[in-house]
Amino acid sequence: MLKIVVMVSGGGTNLQAIIDGVRDGKIMNTQIAGVISNNRNAYALKRAEENGIPSCCVSPKDYESREIFNGKLMEAVDSYEPDLIVLAGFLVVIPPEMIEKYRNRMINIHPSLIPSFCGKGFYGLKVHEAALERGVKVVGATVHFVDEGTDTGPIILQKAVEVQQGDTPEVLQRRVMEQAEWIILPRAIDLIAGGKVRVEGRKTVISE
Ligand code: GRF
């Protein structure tokens, strides 16, 4: 059984897709051991509660320094003894010691086709604003392992989504979630739980 911890900051629609995936059998052999939010008011915490999933909030605002916060965040993660950490819209910089400890055991969903529209400053609506401004006709989402860089780790899955005439950043964001994020994040977890994802250097190899 793959024990996962899901880290969130906001609405938690990706968390919901994972909860639904585990319930419906699209994600096999997986247990959501806990949900961690940096934001006490995140709706994602309600979703955890409604589904009987243990959760907690660890906010940088509650601690005097980044070092102390990083330590508390690590403690919270470790307390669930996860096999895999899933960053599902988590907006806080991950402590370097956590990246090291959970190398190839921490994944992130990013709302673009990496290496487009990723890296520092590309998060949330900004990604979709930049894509519309550039006039690309195809966008999408990426699930990747987390390394020391921003959105630079080995790519696990990607899915493309078409831009339509008259799209606003909000409309495009929603379509990318519905048609890509909520599909590939559960699928990536299922593949990992099934032992089908191997990291080879900068890449992953998926065996179906
Ligand atoms: C998603 O667009 C995700 O790709 C990004 O943050 C958003 C989180 O949305 N990193 P939600 O909290 O899962 O609804």
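The values are calculated or read from the model by the stated rules, or taken from the named source; none is laboratory data. Just so you know, these numbers come straight off a predicted model, no measurement behind them. Neighbour counts are summed over all protein chains in view; Cβ atoms, including those assigned to glycine, are modelled from backbone coordinates with ideal geometry. Each accessible area value is taken on the protein alone, full model and side chains, heavy atoms only, with ligands, DNA and RNA left out. Shrake-Rupley method; radii C 1.70, N 1.55, O 1.52, S 1.80 Å.
Odds and ends about this structure:
- Pairs exceeding 30 Å between alpha-carbon atoms, taken from 46/126; 101/137; 126/159: 101/137.
- Phi-derived couplings, Karplus 6.51 cos²θ - 1.76 cosθ + 1.60 at θ = phi - 60°, listed residue by residue for the range 189-199: 5, 4, 5, 5, 4, x, x, 9, 10, 10, 8 Hz, with x used for Gly and Pro.
- Cross-link partners of residue 120 among aspartates and glutamates, defined as those whose alpha carbon lies under 12 angstrom from its own and excluding same-chain residues fewer than eight positions apart: 151.
- Portion, in percent, of the accessible area of the range 1-151 that falls on carbon or sulfur, probe 1.4 Å: 50
- Using only side-chain charges placed at the Cβ, +1 for Lys and Arg and -1 for Asp and Glu, the dipole size of the chain relative to its Cα centre rounds to 300 debye.
- In the chain, helical runs assigned H by DSSP with n ≥ 4 each contribute -39500 (n - 2.57); averaged across all residues and rounded to the nearest 500, the mean residue ellipticity at 222 nm is -10000 deg cm²/dmol.
- With protein chains left intact and a 1.4 Å probe, residues in the range 1-102 average 48 Å² of accessible area per residue.
- The range 150-208 versus the range 1-59: alpha-carbon centroid distance in Å: 18
- Within the straight-line cut-off of under 18 Å between alpha carbons, the lysines reachable from residue 196 are 3, 26, sequence neighbours fewer than 8 places apart in one chain being disregarded.
- If you bin all the Cα-Cα distances of the chain at 10 Å, starting from zero, the percentages per bin are 9, 36, 38, 16, 1.
- Nearest-0.05 FRET efficiency for residue 23 and residue 198, computed from C-beta distance (R0 30 Å): 0.60
- Area of residue 53 that stays accessible when all protein chains are in place (1.4 Å probe, Å², to 10): 20
- Taking amide H atoms as placed 1.01 Å from N in the peptide plane, the amide H of residue 157 lies under 5 Å from those of 143, each 5 or more residues away in sequence or on another chain.
- Dipole of the range 85-139 computed with +1 at Lys/Arg Cβ and -1 at Asp/Glu Cβ about the Cα centre; of 114, 127, 93, farthest Cα towards the positive end is 114.
- In this structure, the amide hydrogen of residue 12, modeled 1.01 Å from its nitrogen in the peptide plane, lies closer than 5 angstrom to those of 44, counting only residues at least 5 positions away or on a different chain.
- Residue among 142, 166, 13 farthest towards the positive dipole end of the chain, charges placed on Cβ: 166
- Between residue 152 and 147, the built amide H atoms are under 5 Å apart, and every one of these is 5 or more places off in sequence or on another chain.
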